[in-house]
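The values are calculated or read from the model by the stated rules, or taken from the named source; none is laboratory data. Treat the numbers as computed from the prediction; the structure is a model and nothing was measured. In this analysis, Cβ positions are derived from the backbone assuming ideal geometry, glycine residues included, and neighbour counts consider all displayed protein chains. To get the accessible areas, we keep the full protein, side chains included, count just its heavy atoms, and leave off ligands, DNA and RNA. Shrake-Rupley method; radii C 1.70, N 1.55, O 1.52, S 1.80 Å.
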Amino acid sequence: MVLRVEIEEPRCVAAGHCVTAAPEVFDQRDSDGVVVLLDAAPPAGERERVREAALLCPAAAILLHERDGA
């Protein structure tokens, strides 16, 4: 499976749950705390943390797209 992450930045409320759950994939801007996507195609070892981050996001600003990697 290939996981692609997309952020709907205008929806972000800067709660920071994504950074706590998956710091290798998400960060926050210093100026306003809005999410910064560090890796739009995270490796297999990060996928579960990325899914958790998406579930924890209070604004549902993290979109996950999964498909077969063939």
Net charge dipole size for the chain [Lys, Arg +1 and Asp, Glu -1 on Cβ; Debye, nearest 20]: 160
Added length on full extension, which subtracts the Cα-Cα distance from 0.36 nm per residue, Met1 to Ala40: 12.6 nm
With every protein chain in place, the chain: carbon and sulfur % of accessible area (1.4 Å): 51
MRE, 222 nm, helices only [DSSP H, n ≥ 4, -39500 (n - 2.57), over the chain, to nearest 500]: -5500 deg cm²/dmol
Region 1-47: GluC sites (Glu not before Pro) in DSSP loop, at most 15 other beta carbons within 10 Å: Glu8, Glu24
